[in-house]
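Structure first, then comments.
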Amino acid sequence: MKRTRTGTGTRTRIPLRKRLLVRLLIASVLIAVCSVAATAWLAVTTTTRALREEQGQALADDMDILARLSGYAATHPDWSGVSATVRALSAQTGRRIALTGADRTLIADSAPRGTSLPPRAAATVDPLRTDTSSEPGAQLSGTDPRVVGPYRLTAGERDRLDALARKRQSCFLRNGIGTTVSRTPSGRPVLHPADDTVEDGYVPEPCADGLLNAAMPTEEKALAALQKLARGCLTEAGLDPGTPVALGGIVGPGGTDLRSPTPSPGFLIKGDGATTRTAQRCLDDARRTQLDPYVAPVAELFLGGGNNAAGPRWDMSSGNKAKVVGAAGLVLAVTVAVTVVVATRLVRPLRALTEAAQQPPELHVRVPVTTRDETGILAEAFNGLAERRERLEAQRKALVSDVAHELRSPLTNIRGWLEVTRDGLVEPDPALLAALHEEALVLQRVIDDLRDLADADAGTLRLHREPVPADDLLAQVAAAHRVAADTAGVTLRTDTRGSPWLDADPVRLRQALGNLVINAVRHTPSGGTVTLTARADGEQVVLEVADTGTGIAAEDLPQVFERFWRAEKSRSRRTGGSGLGLSIVRQLTAAHGGTAQAASTPGSGSVFTLRLPAARTPKEG
């Protein structure tokens with residue numbers, strides 16, 4: 001950092017990299033770059049996420065369409081009425097849905113007639129060969145659970161089973177188990193414990209009558225046909241069916257699991273794992289053969305847009321890249337321009353402040369306030385600081401003059417009397433010695449007052465705090481100045497409201513109140529009254545010294561606590577003291593953490609108020 005001499009003083013040259021304008025410009029450019037980058041990243045991320053979510057929603061819609069159409073095929077022997085379902089699904093999902101036979105013969109289409117089909121089918125609709133991972137409740141054989149066929153119970157059989165279910169439900173409840181009832185696609189009711197801690201399928205022993213699990217005539221007839229179809233396959237495979245046994249779950253006669261929508265008979269097949277798989281295959285084939293007349297034929301499902309496994313992908317072309325770069329450049333250019341304009345407006349008043357601060361102190365330069373923002377407030381604060389500095393300089397000069405005057409008068413008197421006494425012109429009689437002693441006391445008081453003020457300014461004024469009862473304090477001050485008040489013909493009295501205690505140094509506080517009493521007695525004519533009052537005010541104690549004297553003019557009130565200030569400009573000792581008493585009062589009050597105020601009405605008197613911290617009484621302590 002270099003300094004150059006100018007006609008008015010030294011001016012600092014700030015390096016380019018440290019100038020406020022450059023710093024603001026760099027900060028704005030960095031912010032703009034980060035904003036553009038963050039916006040671009042957020043746009044790409046949001047778009048990609050939206051596309052993925054859309055892809056996932058489309059996949060869920062596709063699975064729902066397949067499930068709905070598989071359910072239709074499971075409950076209808078043909079596709080003759082599926083057009084309404086296709087149109088409803090298309091309106092719900094916003095997708096084109098088309099069904100064709102295995103030979104691409106159109107069954108139903110949500111698109112207008114003549115619209116070409118997608119290049120390949122999205123899925124095959126076959127309720128007898130359903131993907132068990134995509135169709136909840138599908139059997140291990142791949143049969144849609146909604147395919148009931150000949151196992152659908154009649155209305156009378158349902159009523160009998162419902163009655164048995166209610167009876168068993170009451171039995172469960174008597175054994176402390178609440179239950180809910182669900183119904184299989186064939187119409188059979190099934191009880192489930194409402195308490196998750198009870199295993200599904202558990203039946204208390206008093207309730208295990210076997211009636212609810214017994215096969216109905218419709219089921220027995222369908223099972224007999226299924227057994228017949230399965231026996232043929234097993235015989236061809238060289239297997240002996242043996243004797244039917246229970247396969248587990250809710251079973252009926254012949255080992256039938258009646259919870260399945262299409263129950264299967266149990267066979268006792270002896271052999272290895274291959275034999276078991278062959279038997280299972282025979283049973284699955286028999287079931288499909290039995291259910292085939294009850295379901296719609298196999299159909300191909302076409303969805304609008306095909307079945308693109310790769311999904312949507314976001315790509316930016318060269319044109320889009322150019323647009324992004326151009327937009328980013330435009331943002332940067334606007335940012336730089338705005339920053340330059342704003343920074344220039346900010347820097348101009350700061351430079352004026354800098355130049356004004358570098359001027360010699362005696363010039364007292366003011367800075368014009370051109371704005372009402374932070375810079376304008378700073379300029380006002382600077383002008384206020386300059387005014388305070390000017391006042392302090394004037395006070396400093398006045399202080400030197402006042403101190404010289406206060407010390408010169410007693411020293412001149414002492415020197416004059418000593419010189420005439422030395423020359424033998426005056427005899428050193430007791431009256432002369434008393435006069436010299438009085439002048440020496442005046443000089444000592446001025447020096448003591450100056451020392452107290454200096455200690456207060458330096459923060460070295462020592463206070464010995466202790467709880468002080470306000471009434472005792474006022475009584476001591478009044479007693480110390482009673483003689484002077486009586487001599488002046490002034491009535492001095494005290495008034496304490498309650499029993500307030502102060503946290504203060506009693507010696508220093510008597511000094512402050514004594515200065516106020518001396519000042520009040522001096523400016524109160526004979527026959528007047530000076531009253532000392534103490535009262536509690538929250539966590540403070542208020543001390544007041546009121547007189548019925550001449551009072552103070554309103555324009556002089558702000559200066560009463562200034563050093564060497566006197567209302568009487570002649571500075572005569574008959575009308576005033578050294579001019580330091582009230583300044584000492586303010587400094588001692590501030591040292592106690594309090595405040596000093598003055599109020600006056602010319603011709604009616606003045607009131608000086610001290611607010612000091614209160615202390616706990618001995619009883620409270």
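The values are calculated or read from the model by the stated rules, or taken from the named source; none is laboratory data. Here the structure is a predicted model, which is why all the values come from computation and not from measurement. Cβ coordinates were reconstructed from backbone atoms using ideal geometry, including for glycine residues, and neighbour counts include every protein chain displayed. Quick note on the areas: whole protein, heavy atoms, side chains included, nothing else; ligands and nucleic acids left out. Shrake-Rupley method; radii C 1.70, N 1.55, O 1.52, S 1.80 Å.
Extension gain for Ala590 to Thr180 (0.36 nm times residue separation, less C-alpha to C-alpha distance): 139.3 nm.
Full extension of the segment from Thr289 to Thr601, taken as 0.36 nm per residue of separation minus the current Cα-Cα distance, would add 100.3 nm. Take the convex hull of the alpha carbons in the stretch 171-222; its mean projected area over all directions comes to 4.1 nm². Counting only protein heavy atoms and using a 1.4 Å probe, the accessible area of His481 comes to about 40 Å². When Met216, Met63 are compared by accessible area of protein heavy atoms, the largest-first order is Met63, Met216, using a 1.4 Å probe.
Counting only heavy atoms of the protein chains and using a 1.4 Å probe, Val517 has close to 0 Å² of accessible surface.
In the complete set of protein chains, residue-level accessible area for Tyr294 is approximately 100 Å², probe 1.4 angstrom. In plain terms, the chain from Arg451 to Glu555 could stretch by 34.5 nm, reckoned as 0.36 nm per residue minus the Cα-Cα distance. Take 154-161, 525-532 and order them by the average number of nearby Cβ atoms within 10 Å per residue, most first; the result is 525-532, 154-161. Comparing Ser182, Thr124, Cys171 along the charge dipole axis of the stretch 65-205, the residue lying farthest to the positive side is Thr124, per the Cβ-charge model.
Give me the percent of accessible area attributable to carbon and sulfur for the stretch 519-558, probe 1.4 angstrom. For the stretch 519-558, the apolar C and S fraction of the accessible surface comes to 48 percent.
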